[in-house]
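Q: Take this structure first; my questions come after.
The values are calculated or read from the model by the stated rules, or taken from the named source; none is laboratory data. Here the structure is a predicted model, which means the values were calculated and not measured. Here the Cβ is made from the backbone with ideal geometry for all residues, glycine too, and neighbour counts use every protein chain on show. Just the protein is used for accessible areas: all its heavy atoms, side chains included, with ligands, DNA and RNA removed. Shrake-Rupley method; radii C 1.70, N 1.55, O 1.52, S 1.80 Å.
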Amino acid sequence: MLAVEKLVKHYPIKTGAFRTEQVRAVDGVSFSVRRGETLGLVGESGCGKSTLGRVALRLEPPTSGAVRYRDVDLTRLRGRPLRHLRPKLQMVFQDPLGSLNPRMKVSQTVAEPLVLHHLAAPREIRTRVRELFDRVGLSDELLDRYPHELSGGQQQRVGIARALAPHPEVMVLDEPTSALDVSVQAKLINLLRRLKEDFDLTQVFISHDLSVIGYLTDRVAVMYLGEIVELGPTAKIFLMPRHPYTGALMSAVPGEDLLDRRTRLMLPGEVPSPINPPPACRLAPRCPFVKDRCREEKQVLRPVEPDHLVACWRAAEGEISPEDFERTRLALEV
Amino acid sequence: MALLEVSDLRTSFFLRGGELRVLDGVSLEIEAGEVLGLVGETGSGKSVTAYSITRLLKEPGRVVGGQVMWDGRDLVRLWESELEQEIRGKEISMIFQSPREALNPVITVGRQLTQVLRIRRGMSRRDARAEAIRILKSVYISDPESRLDSYPHELSGGMAQRIMIALALSCEPRLLIADEPTTGLDVTTQYQIVLLLRELRDRTGMAILLITHDLALAAQLCDRVAVLYAGRIAEVGPIRHLFRSPRHPYTDALLASRPRLGLQGDILTIPGNVANLMRPPGGCRFHPRCPNATEVCAQLQPPLEPMDPGQRVACHNPMPQRQELAASG
Ligand SMILES: Nc1ncnc2c1ncn2[C@@H]1O[C@H](COP(=O)(O)OP(=O)(O)OP(=O)(O)O)[C@@H](O)[C@H]1O
Ligand SMILES: Nc1ncnc2c1ncn2[C@@H]1O[C@H](COP(=O)(O)OP(=O)(O)OP(=O)(O)O)[C@@H](O)[C@H]1O
Ligand code: SF4
Ligand code: SF4
Ligand SMILES: [Mg+2]
Ligand SMILES: [Mg+2]
């Protein structure tokens, strides 16, 4: 349904009076999502998830690489043909307040895509908007408010209602539930699951909330500094993580007992800058399992199982395993 | 005496359609060095509580009753100039829920940080720049020198968030009000922030009012938790008691709606919608959605009363105490 190939997005930034350098926000990423599949996208803050989401829906042009939707290369489309596809490809933005027009009532914001793409007769629009409000659990009394008159979670659901309005086929949801309490979140997640089951909605779900990712997604892609470092079925990523970065990430998944304040597997040091990423394996400066080869050889995704890919030679060649991650974590506990 | 004591706080928004009673008698207290979590449904009034305490409410919102005692002074009645000069951003610091709103989009991050440092801490331009770099490092931002010249939209969501945290902590406040401080942060960065906040609390005795939806985060940081439902406290007490043996049916339902890996079928949710604050249900505001509701619930507002194993609960028909769990805690 949606496939990105060797996608690259660099942003130029000024680093001195006469110098510009490139922020390598997304640096050679490939994956595909099947119809009706939900792909989770997780990773360190600033690793390029939102950028990848925006470029994959062609809201921004890539620096290089291709994005295929059905059989069309979106990166080659411009103007009318692209606008024509817009309603089918929807994004829910990470910053709800920033993505809503402050001068429009929220009902107008939700109606806008319907009006713009002539998807509903003028008489029906109000009813459709009410339906959408209801689906995302917003009460009617909020219809005529402006974005700043809503709570954070209410704003976020307006963004979701707007994206659902034109019946999209592909949705990229960027942290769509970060401002919701777990019970309202549960309703939305149930809704997204139903849309997937009933209408084969294809979703890319970006979130830092690993509990939601674990529940909702079929497969997970783990990003680190602009690259995908691991890709596989959700259960395998959670229970048998192979890449050391994934290992650290998963040690933070809250267990059944929330009050268990156990030590997590922390990678030492800071995330390097995407302006000058480490040349070979990007995790090398922080990885507890680093060897010389890691600093010399660029890491590419390799299968550890047919459906499970990892960009770490030591994991791919069976030198390190999930037990090693647990041992390293326990060593930190003392 | 508690560091901050909020009693019977009432805040309303005066809208075209009438008065929206968002806070209907909220009472809280925070001791020095204590972390109090404030959780609850979206729209229940958590952010409004924070804005009411610091008096940053925007029109048409107004505190219409109650007290906010800080160091023997009632912040509700303090002169605005005193509040601004002596308290806000010095003794009480706040992290806002929407980081981008709090950062000015047309000014570089560096200028915003140094401005605050120069005004609030009287630093020279050069010292302020050095301090700004140190602060960015303290919240794990790589390449702080060049990040100072970035505009807010050039940062990832998580970076903007961390800069807000850095800014709020730069004055070493006695109370930090943090409204969803780690949403949008990955779990690793989140954990670093948790460690940073714990360290500050231990070193400086800073108290924290932590507003969050993230129950796992609350479990990592809080000593006590208050659960807000439709502008009233439903349950408050030590986090172990609330999480292991919730007595209010809303707390119970909230804890049950956590998604989990491998869970089959729909997640449990609370039936019905968030209470309409323009026409709130009489009696207990949770009664239209409550599995334990009886006739009295629609008529009488339940008072907050002490209950085993050690929390205060506003409910006529509380959930039974979970013995085995309470004992192990
Ligand atoms: N318009 C832009 N100009 C310059 N740099 C940018 C721009 N947008 C993003 N970046 C940079 O690209 C990198 C990736 O940002 P992105 O927002 O995609 O991260 P993210 O993974 O979504 O992070 P988060 O989890 O914090 O939202 C960051 O270093 C960010 O500063
Ligand atoms: N400026 C405003 N005008 C009208 N109503 C408002 C305004 N600001 C907030 N409200 C209302 O007050 C109620 C409480 O809002 P508040 O932002 O405190 O909720 P919250 O508990 O922080 O929710 P969230 O978890 O979604 O951030 C909401 O119902 C909201 O719609
Ligand atoms: S390639 Fe080396 S440095 Fe990179 S993750 Fe694997 S072991 Fe660590
Ligand atoms: S007072 Fe009644 S309606 Fe309210 S929470 Fe308790 S049982 Fe439910
Ligand atoms: Mg993002
Ligand atoms: Mg809020």
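Q: GNM on chain B, C-alpha springs below 10 Å: top fluctuator among B:ARG258, B:ARG73, B:ARG16?
A: Per the Cα network of chain B with a 10 Å cutoff, B:ARG16 tops the list.
Q: Okay, next question. Jot down the per residue volume, in cubic angstrom and as a whole number, of the convex hull over the alpha-carbon atoms of region B:1-155.
A: 155
Q: Helix-derived [θ] at 222 nm for the protein assembly as shown: sum -39500 (n - 2.57) over DSSP H runs of at least 4, divide by residue count, nearest 500?
A: Result for the protein assembly as shown, helices only: -9500 deg cm²/dmol.
Q: In chain B, which helices (entire DSSP H runs) extend 15 Å or more along their own long axis, judged by Cα positions, while averaging at least 1.0 on the Kyte-Doolittle scale?
A: The answer, listed by residue number, is B:157-169.
Q: Could you state the orientation-averaged shadow area of the convex hull built on the Cα atoms of region A:228-334, in nm² to one decimal?
A: The number I arrive at for region A:228-334 is 7.4 nm².
Q: Just how large is the dipole of region A:237-295 about the Cα centre, in debye to the nearest 20, putting +1 at every Lys and Arg Cβ and -1 at every Asp and Glu Cβ?
A: That gives a dipole near 320 debye.
Q: Which of the aspartates and glutamates could a cross-linker span from A:LYS196 if the Cα-Cα distance has to be under 14 Å and same-chain partners fewer than 8 positions apart are dropped?
A: Leaving aside aspartates and glutamates fewer than 8 places away in the same chain, those within reach of A:LYS196 are A:GLU37, A:GLU169, A:ASP218, B:ASP266.
Q: Could you state how much accessible area B:THR182 has, in square angstrom rounded to the nearest 10, with a 1.4 Å probe and all protein chains kept in place?
A: Surface accessible to solvent at B:THR182 totals approximately 10 Å².
Q: Would you mind computing the Rg to Rh ratio of region A:132-248 from its alpha-carbon coordinates, Kirkwood style for Rh?
A: Using Cα coordinates only, the ratio equals 1.02.
Q: I'd like to compare B:206-213, A:262-269: which one has the highest average count of other Cβ atoms within 10 Å, and what's the full order after that?
A: Most protected by this proxy first, the peptides run B:206-213, A:262-269.
Q: While we're here: If you wrap a convex hull around the alpha carbons of chain A, what volume per residue comes out, as a whole number of Å³?
A: Looking at chain A, the number lands at 166 Å³ per residue.
Q: With every protein chain left in place and a probe of 1.4 Å, what is the accessible surface of A:THR51, to the nearest 10 Å²?
A: About 10 Å², rounded to the nearest 10.
Q: So, one more: Any idea what % of Cα-Cα pairs in region B:184-329 are farther than 27 Å?
A: Summing the P(r) tail past 27 Å for region B:184-329 gives 30 percent.
Q: With springs connecting C-alpha atoms under 10 Å apart, model chain A as a Gaussian network and identify which of A:CYS312, A:CYS287, A:CYS47 has the largest mean-square fluctuation.
A: Ranking A:CYS312, A:CYS287, A:CYS47 by mean-square fluctuation puts A:CYS287 first.
Q: Same structure, new question: Given +1 on the Cβ of Lys and Arg, -1 on the Cβ of Asp and Glu, and no further charges, what dipole in debye does chain B carry about its Cα centre, rounded to the nearest 20?
A: 480
Q: Also, quick follow-up: Based solely on C-alpha atoms, express the radius of gyration and the Dmax of chain B in angstrom.
A: Just the Cα atoms of chain B yield Rg and Dmax of 20.7, 67 Å.
Q: Along the principal axes of its C-alpha atoms, what lengths does the protein assembly as shown span, in descending order and rounded to whole Å?
A: Projected onto the principal axes, the Cα atoms of the protein assembly as shown cover 67, 62, 55 Å.
Q: Going down the list A:LYS88/A:LYS236; B:LYS58/B:LYS90; A:LYS14/B:LYS90, which pairs span over 23 Å between their C-alpha atoms?
A: Among A:LYS88/A:LYS236; B:LYS58/B:LYS90; A:LYS14/B:LYS90, the Cα-Cα distance tops 23 Å for A:LYS88/A:LYS236; A:LYS14/B:LYS90.
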